[in-house]
Amino acid sequence: MMKDKIDAVEKQMKARLEEVRATFNHAGNKGESVEKTFRRFLRDYLPRRLEIGHGEIIDSHGNTSAQTDVVVVTEDHPFTFTPDQPGLFFIEGISAAGEIKTNLTSTELTESIDKSRRFKQLQAAPFTGILMSNGDDSSRFLGHPPWFIFAFESQVSLDAIKGSVEGYMSDNSVSSNEILDGIFVMDRGSVIDYGDGSGTLHLVDEQGEALPGWQSYRSNSVAFDHLMWLSTIMLTANSPILPHYLLPNDCSE
């Protein structure tokens, strides 16, 4: 029943894209409208303890992310943002983040991977609170929350997207933990990094063996797949945030 409901919402998002294209000529206006549509979707279906915004993310060392289309924050995050205006976010209070693309191109994919790498370089303060998570998920995402791309359309195939991600890692000598974690394209499917295959969410082959690393999966229910992925891998963690930014470093550690 829930899958059918989310599939219906996905159709509404596609219709919204066509409406936006018929209304606006400027690419910036189109992108902003599509981003709002997607943030509203997450706000409606993620747990109420989470909130959705967009803006810049910082750490207590002065590092800053690029402008980020979607930021999912925990209930411990202070109110430094509103639903519709860009806000300032603290890495310790982030559950997930990502970019929204109207039509994902190869160039935009590379640019987004660059942004995800910058996000993953943010340094969260040592965690001292309560954590509920699968062991593999916590080792991957504690301090470095999941980062994703959600595209309404793309002419790039899933195999080409997977190849581009793997090529980026090879060309830049980075591991999969240093860049984004999932790419979702409506009407195509997803390309997801499953880590070592022992996370809460995993993909298995015909023999029932877990598949590690980057895997592509064709689907016509991409909004549902993304919501399931996000809901499954986001850590449930509670810890004070503001002391890391209000107190001298030697007092808050």
- Query: Residues of region 46-85 being of a type in the set (A, V, I, L, M, F, W, C) and more than 19 Å from SER239 (Cα to Cα), which ones?
  - Reply: LEU46, ALA66, VAL70, PHE81
- Of the listed residues (SER221, SER239, SER231, SER198), the one being touching a Phe, Trp or Tyr at 6+ places or on another chain (Cβ under 8 Å), in contact (Cβ under 8 Å) with a residue 60 or more places away in the chain and surrounded by fewer than 20 Cβ atoms within 10 Å (Cβ to Cβ) is SER239
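If the requirement is being at pLDDT 95 or above, crowded, with 22+ Cβ neighbours inside 10 Å and under 20 Å from VAL222 (Cβ atoms), which of these qualifies: SER116, SER106, SER65? Break it down stepwise before answering.
Values: SER106 fails: crowded, with 22+ Cβ neighbours inside 10 Å; SER65 fails: under 20 Å from VAL222 (Cβ atoms).
Checking each option against the conditions leaves just SER116.
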- Message: I'm checking my understanding of the structure. Among residues of region 1-38 that are more than 15 Å from HIS226 (Cα to Cα) and of a type in the set (A, V, I, L, M, F, W, C), which one is modelled with the lowest pLDDT?
- Response: ALA27
- Query: Within region 209-216, is even one residue among the charged types (D, E, K, R) and surrounded by 14 or more Cβ atoms within 10 Å (Cβ to Cβ)?
  - Reply: no
- Condition broken by PRO145, with the remaining ones in (1) at pLDDT below 90; (2) closer than 26 Å to PRO240 by Cα satisfied: (1)
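Taking region 176-201 as the region of interest, how many residues are in a loop (DSSP other than H, G, I, E, B) and under 13 Å from the mean Cα position of the chain (by Cα)?
Let us first name the residues in region 176-201 that are in a loop (DSSP other than H, G, I, E, B), namely 179-181, 186-188, 194-201.
Keeping just the survivors that are under 13 Å from the mean Cα position of the chain (by Cα) gives 179-181.
Of the residues in that region, 3 qualify.
Residues checked against (1) surrounded by 14 or more Cβ atoms within 10 Å (Cβ to Cβ); (2) touching a helix residue (DSSP H, G or I) at 6+ places or on another chain (Cβ under 7 Å); (3) not small (Gly, Ala, Ser):
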position	(1), (2), (3)
LYS3	no, yes, yes
ASN29	no, no, yes
LYS36	yes, no, yes
ARG49	no, no, yes
VAL71	yes, no, yes
PHE90	yes, yes, yes
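The values are calculated or read from the model by the stated rules, or taken from the named source; none is laboratory data. These numbers were taken from a predicted model, which means no experiment stands behind them. FYI the Cβ positions are ideal-geometry reconstructions off the backbone, even for glycines, and counts take in every protein chain you see.
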